[in-house]
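Heads up: the structure comes next, in structure tokens.
The values are calculated or read from the model by the stated rules, or taken from the named source; none is laboratory data. Model, not experiment: these values are computed from the prediction. FYI the Cβ positions are ideal-geometry reconstructions off the backbone, even for glycines, and counts take in every protein chain you see. Accessible surface areas use protein heavy atoms only, side chains included; no ligands, DNA or RNA. Shrake-Rupley method; radii C 1.70, N 1.55, O 1.52, S 1.80 Å.
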Amino acid sequence: KNVFNFIFSSVRPNIMVIVSHNKDQSYIRSSSICRWPLIAFFVASAVVLILRFNLPRVNHIESDPFTLVATNETEKIALETEMMASASPAKPPRNFLEVAQTTDTDKIAGYKYLPECLANNQMCTRPDAERETCRPWGHFYDTIYTPWLGKYSTEDAAPIQFVEIGFYNGAGFEAYSKYLPNAELHSMEIACLPEGPQNEGEWPWENEAKNHPWYERLLQTRRLHCGDASDYNFLKDKWMTEMKRKEAPPLMVVVDDGSHLHDHMATSLFFWFPRIEPGGILIVEDIQPISEANKFRTHIVPQVMKDLHWCGGPKSSEPDTRCFPTIQPLLQGVHCEMHICVFVRNNEPSSEPDQVSSMTPPAAFRDAEKCLFGPH
């Protein structure tokens, strides 16, 4: 009511002045008519104000330059969260080196042992290596893990699923757990099988995993899976029963740090890569010039790199073939540093290949030279 009184007390005198000073009725009418759009504007504005302040209360959030209206508490919370996310700058990734140094993992141990190795050759693991960073025990993997896992390292990071092949003494798993606060981590380890003959599906040697303080809890919560991660049936069973659950976060990272045998590394690539979600990564460690791992470095990685650049085309073009047709359609890129490679998934959806497509092709090692150099 007060709003209406204000509007008409302001507008009405102007019309009356026109009437009192002009005798020409047509002029009076035309002048009055010219004022009606202004009156209509004020009336409409008044109606909007009345509706805003007199209708039943709704929850609302002021946002500049727009106003977002939430009709219930759930929407209000969602809008507030969205506004906070858009208003706050993204948190920088944490430093993997700093986190890993609180554990005994060898992933960054090269920094610790390199100085004493250079000072005393007898302290080196490979004293005759020409490349100095190859001489000490341990690696320098933080230059991979900080940029590639950093987006998952903050407290507000989206939940992901993470799989490690090779728990060993648990130091690496501990580093990942501290670095990835919202990740659902799983690890696979053959040494925690029951003690006994290997040909009977047991393990005859030491189980380093049991010495970690998290060991029993990880077994009870089904985050540590005991078995041979190079065996398709074991992988398939654990993937389908323990990881590929309806409520599970997306599988975004798989790390192979297991036996360091070249054929086991290849198994990890062919089994896990199609099952990783778009944008995820497969990391293979210890790709170094040792007899156990060497063929993965010299045979598998070059073929994947060749497939990365494959185009295909008519017969008249440069003859070319794909080495690994189950991997190439999913491949976004390959990034390698000393003794470690990251295989990056593109935007193709994850899939559940059959057993044949989930295993290393029979000719992957045997025919590497032919696929790389022809004839095609």
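Might you tell me the accessible area per residue for the range 270-376, computed with a 1.4 Å probe and given in Å²? All intermediate terms of the calculation are to be shown ahead of the outcome.
Working: 5280 Å² over 107 residues.
Heavy-atom accessible area per residue stands at 49 Å².
When only DSSP loop residues count, what chymotrypsin sites (Phe, Trp or Tyr not before Pro) in the range 172-238 have their Cβ near at most 11 other Cβ atoms within 10 Å?
Trp205
Taking amide H positions as placed 1.01 Å from N in the peptide plane, with prolines and chain starts having none, which residues 5 or more places from Trp137, or on another chain, fall under 5 Å of its amide H?
Thr125
Could you pull out the pairs from Lys91/Lys246; Lys238/Lys306; Lys107/Lys151 whose alpha carbons sit more than 26 Å apart here? List each step's numbers first, then the result.
Working: Lys91/Lys246 30 Å; Lys238/Lys306 32 Å; Lys107/Lys151 19 Å.
With Cα atoms farther than 26 Å apart: Lys91/Lys246; Lys238/Lys306.
Which trypsin sites (Lys or Arg not before Pro) in the range 100-186 pass both tests, a DSSP loop state and at most 15 other beta-carbon atoms within 10 Å?
Values: sites: Lys107, Lys112, Arg131, Lys151, Lys178; in loops: Arg131.
Filter output for the range 100-186: Arg131.
May I ask you to order 361-371, 278-288, 161-171 by the average number of other C-beta atoms within 10 Å around their residues, highest value first? Walk me through the intermediate numbers first.
On the way: 361-371: 14.8, 278-288: 20.2, 161-171: 23.2.
With the highest mean Cβ count within 10 Å placed first, the list reads 161-171, 278-288, 361-371.
Hand me the trypsin sites (Lys or Arg not before Pro) from the range 216-319 located in a DSSP loop with no more than 13 other Cβ atoms within 10 Å, in residue order please. Don't skip to the answer; put the middle values down first.
Working: sites: Arg217, Arg222, Arg223, Lys236, Lys238, Lys244, Arg245, Lys246, Arg275, Lys295, Arg297, Lys306, Lys315; in loops: Arg222, Arg223, Lys244, Arg245, Lys246, Lys315.
Of the trypsin sites (Lys or Arg not before Pro), the ones in loops of the range 216-319 whose Cβ has at most 13 other Cβ atoms within 10 Å are Arg222, Arg245, Lys246, Lys315.
I'd like the projected area of the range 160-219, averaged over all directions, using the convex hull of its alpha carbons. Report it in nm² with one decimal.
Values: hull surface 16.8 nm².
Projected area, direction-averaged: 4.2 nm².
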